[in-house]
Amino acid sequence: MTFGVVCLAIGLLGLAGGIFLIRNREVVSPKFSVTAGAVIVAGSLVPLLLGAVVLLVTVAPGISVT
């Protein structure tokens with residue numbers, strides 16, 4: 001479960017960083033900023049999805065709706 005939370009946190013930080021670079025194009029240069037932001041957002045989806053799956057597998061079986 002800790003692994004899932006860590007993966008989610010890394011994914012969310014990467015997503016926020018990528019969106020920051022895309023929105024604030026004057027940080028470096030507009031072309032580089034958008035390209036780097038898109039790469040970071042795409043790369044952050046992997047740990048984000050991995051963390052979601054790990055939490056789904058570890059936490060969801062313990063939840064019962066009765």
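The values are calculated or read from the model by the stated rules, or taken from the named source; none is laboratory data. Note that the structure is a prediction, hence the values are computed from the model and not measured. Virtual Cβ from ideal backbone geometry, glycine too; neighbours counted across all protein chains shown. Ligands, DNA and RNA are stripped out before the accessible areas are found, and what is left, the full protein with its side chains, is counted by its heavy atoms. Shrake-Rupley method; radii C 1.70, N 1.55, O 1.52, S 1.80 Å.
Here are a few things to note about the model shown:
- Helix 30-59 and the longest principal axis of the Cα set of the chain meet at an angle near 0°.
- Think of a 1.4 Å ball rolled over the protein heavy atoms: the chain then has 70 Å² of accessible area per residue.
- Percent accessible area from carbon and sulfur atoms, the chain, protein chains only, probe 1.4 Å: 78
- Gain in span if fully extended, VAL39 to VAL53, counting 0.36 nm per residue against the direct Cα distance: 2.8 nm
- Between the Cα long axis of helix 2-23 and the first principal axis of the chain there is an angle of about 20°, rounded to the nearest 10.
- Computed E for VAL28/VAL6 - FRET, C-beta separation, R0 25 angstrom, nearest 0.05: 0.30
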